[in-house]
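The values are calculated or read from the model by the stated rules, or taken from the named source; none is laboratory data. Bear in mind that the values here come from a model prediction, so they are computed numbers and not experimental data. Cβ sites come from the backbone with ideal geometry, for glycine too, and all protein chains shown count toward neighbours.
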Amino acid sequence: GESVGLHLPTLSVQEGDNSIINCAYSNSASDYFIWYKQESGKGPQFIIDIRSNMDKRQGQRVTVLLNKTVKHLSLQIAATQPGDSAVYFCAENPENTGFQKLVFGTGTRLLVSP
Amino acid sequence: SQTIHQWPATLVQPVGSPLSLECTVEGTSNPNLYWYRQAAGRGLQLLFYSVGIGQISSEVPQNLSASRPQDRQFILSSKKLLLSDSGFYLCAWSVVAKAFFGQGTRLTVV
């Protein structure tokens with residue numbers, strides 16, 4: 001479900017390091033997952049998605065891993081840059097809602113220091 | 001390509017005043033439309049979603065309402081704003097499953 005009343009956890013990394021942001025989801029029927037990046041004062045931007053019939057998907061500098069057994073999703077950012085500093089949200093789109101609404105995770109704030 | 005427009009970007013309103021935020025989508029037909037609210041430093045709370053003209057689903061009881069008078073227009077309203085209505089309001093659209101967001105409206109109720 002949605003965790004909208006919680007302060008965001010923060011992950012601090014050095015520029016050039018790899019970052020791993022984790023997300024647990026609750027609905028075992030969820031079929032589709034998305035990672036979003038939200039910079040301060042802006043709307044969330046789509047980063048990468050993955051369907052439940054996949055374990056891994058790669059994009060440019062980003063990789064999403066899906067572990068359906070433990071209902072866990074992670075976003076890996078390679079060679080993290082200061083421009084990657086933002087809040088990252090995972091979202092699940094449960095098939096049992098007819099793909100009609102996204103359910104967002106709590107979000108993680110990523111701070112990249114030079 | 002598809003675009004989403006949301007306005008105004010910022011808004012300061014007194015308690016008890018009405019509210020109307022508008023969102024329009026271009027370049028797609030029959031999208032699912034959403035209104036989210038985000039308190040400072042927190043996650044996204046789904047307020048309303050719509051799968052078609054005149055079809056509105058409300059996720060949480062609140063002081064707000066939504067309407068969809070046209071296929072690509074989604075409006076968030078209130079008759080009398082409360083202090084607790086302050087926040088960052090985001091409109092989004094989706095077709096199939098992936099959602100795309102507008103740039104948001106920061107509402108401050110004073």
Sort out which residues of the stretch A:13-35 are modelled with pLDDT of 95 or more and either outside any strand (DSSP E or B) or of a type in the set (Ser, Thr, Tyr) (or both), and write them in order of number.
A:Glu15, A:Gly16, A:Asp17, A:Asn18, A:Ser19
Given the criteria away from chain B (no Cβ under 11 Å) and under 30 Å from B:Gln6 (Cα atoms), does A:Tyr36 qualify?
no
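Filter the stretch B:40-65 down to residues that are crowded, with 19+ Cβ neighbours inside 10 Å and of a type in the set (D, E, K, R), then give me how many there are.
Matching residues across the stretch B:40-65 total 1.
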Strands (runs of 3 or more DSSP E) wholly inside the stretch A:44-114 containing at least 2 residues that are away from chain B (no Cβ under 12 Å) and not small (Gly, Ala, Ser)
A:56-58, A:62-67, A:72-77, A:108-113
Looking at the structure I just gave you, is A:Ala24 in contact (Cβ under 8 Å) with a residue 40 or more places away in the chain, crowded, with 17+ Cβ neighbours inside 10 Å and not hydroxyl-bearing (Ser, Thr, Tyr)?
no
For the stretch B:66-73, does any single residue satisfy the condition of being within 14 Å of chain A (Cβ to nearest Cβ), crowded, with 19+ Cβ neighbours inside 10 Å and touching a strand residue (DSSP E or B) at 6+ places or on another chain (Cβ under 8 Å)?
yes
Got a sec? Which of B:Leu21, B:Leu33, B:Leu47 is at pLDDT 90 or above, under 20 Å from B:Val110 (Cβ atoms) and not in a loop (DSSP other than H, G, I, E, B)?
B:Leu21
Please work out which one of (1) on the phi > 0 side of the Ramachandran plot; (2) modelled with pLDDT of 95 or more; (3) within 12 Å of the chain's Cα centre (by Cα) is the condition B:Gly16 fails and give its number.
(3)
Within the stretch A:55-114, can you find the residues that are touching a Phe, Trp or Tyr at 6+ places or on another chain (Cβ under 8 Å), at positive phi and not aromatic (Phe, Trp, Tyr)?
A:Lys71, A:Gly107
Of the residues in the stretch A:27-69, those that are without any contact (Cβ under 8 Å) to a residue 12 or more places away in the chain and of a type outside the set (D, E, K, R) come to A:Gly41, A:Gly43, A:Gln45, A:Asn53, A:Gln58, A:Gln60, A:Leu65, A:Thr69
With (1) out of contact with any Lys or Arg (no Cβ under 8 Å at 6 or more places or on another chain); (2) of a type outside the set (Val, Ile, Thr); (3) touching a residue at least 40 places away in the same chain (Cβ under 8 Å); (4) part of a loop (DSSP other than H, G, I, E, B) as the list, and B:Gln62 as the residue in question, which single condition is left unmet?
(3)
Within the stretch B:79-102, the residues that are within 9 Å of another protein chain (Cβ to nearest Cβ) and polar (S, T, N, Q) are B:Ser94
